[in-house]
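K.L.:
Have a look at this one before I ask anything.
Just so you know, all these numbers are worked out from the coordinates, no wet-lab data involved. These numbers were taken from a predicted model, which means no experiment stands behind them. Here Cβ is always computed from backbone atoms with ideal geometry, including for glycine, and neighbour counts include all displayed protein chains.
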Amino acid sequence: MRLSNPARFAADLHRRPARRPGSDSPTERFVNPGVPVLTPVAWPAESRSVFGANHWPPFQSAHNIDTPSARVAKPMRGETMPKLKSSPKWRKEMDELKKIVLEFPLTEEVKWGWPCFSSEGANVVLVHGFKDYCALMFFKGSLLKDPKHILIQPTENMQVTRQIRFTSLAEVVAKKAIMKAYIKQAIEVEKSGVKPKYKKTSEFKVPEEFQKKLNEMPTLKTAFEALTPGRQRGYLFHFAGAKQSATRAARVEKYVPHILKGKGFMD
């Protein structure tokens, strides 16, 4: 077979993601002439909505980032920062935060699309960015002593994690010594084996829009109660996360079929 445009064919081949047999999920690496394809892994659906189907790297999914344990990814110490989910305006600040964290014996990984640092497989801190700030997040922040009163609870539903937020590189540099003290403390807490206390699912407030739907549909109430506590919390967090009632109601309507099928928010 003769190709009408060999250069274009080669370029398309380079961009095309490798496929796992019997699956439409991209794998760890792209098909690249002369480079062997690595062992396929599942690519979470949420990653495609952030990076697009052909971007690297994929990130690990989780029903709730407010948990300190997760599968350990391949260490990436010394590698360049991966493509992140937020605006690149915090790149310098986040690079500096990474340098500070890497002064400690922690393993750098990519989780939830962000540089995450763990000790013996347990998450300790994560560097992430948002529209108005970037932050150093402590997975067991509620267990840390906070003499400087700088730890912030990200949202009402985030029971254990805490952040130190930054809006400039100068602020990161100025708080370097303070951060190092908090990071050291976080590592000690992790090694101590102390476990944070989480509220029971029954203690969380059910959004009014979802409660109304549960009252209207007994089958939905039965299906929701049959879900695992983690899946139940996932839905409650997602529904309550919308500021407007109309948005909350729309979210409820969207996920009614998922709940009836026994699926979790991220399934």
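K.L.:
Using a Förster radius of 41 Å, what is the FRET efficiency between T222 and K89 based on their Cβ-Cβ separation? Nearest 0.05, please.
P.N.:
Numbers: r = 47 Å, r/R0 = 1.15.
Rounded to the nearest 0.05, the efficiency is 0.30.
K.L.:
Let me check against my output: what whole-number percent is the relative contact order of region 201-260, with C-alpha pairs under 8 Å and at least 6 apart?
P.N.:
Normalised by residue count, the contact order of region 201-260 is 44 percent.
K.L.:
Continuing with this model, one more query. Placing unit charges on C-beta atoms (Lys and Arg positive, Asp and Glu negative, everything else neutral), compute the dipole magnitude of region 128-267 about its Cα centre in debye, rounded to 20.
P.N.:
Working: 27 positive and 13 negative charges, 70 e Å.
So the magnitude is around 340 debye.
K.L.:
Here's something else I'd like to know. Among all the lysines, which ones have a C-alpha under 19 Å from K148's C-alpha, if same-chain residues fewer than 8 places away are not counted?
P.N.:
K140, K175, K176, K180, K184
K.L.:
Using a/c under 1.5 as the rounded threshold, could you call region 201-260 rounded, prolate or oblate? The axes a ≥ b ≥ c are square roots of the C-alpha gyration tensor eigenvalues, and prolate needs a/b larger than b/c, oblate otherwise.
P.N.:
In terms of gyration-tensor shape, oblate.
K.L.:
Could I ask something else about it? On a straight-distance basis, which lysines could pair with K221 in a cross-link, Cα separation under 29 angstrom, same-chain partners fewer than 8 positions away excluded?
P.N.:
K197, K199, K200, K205, K212, K213, K243, K254, K261, K263
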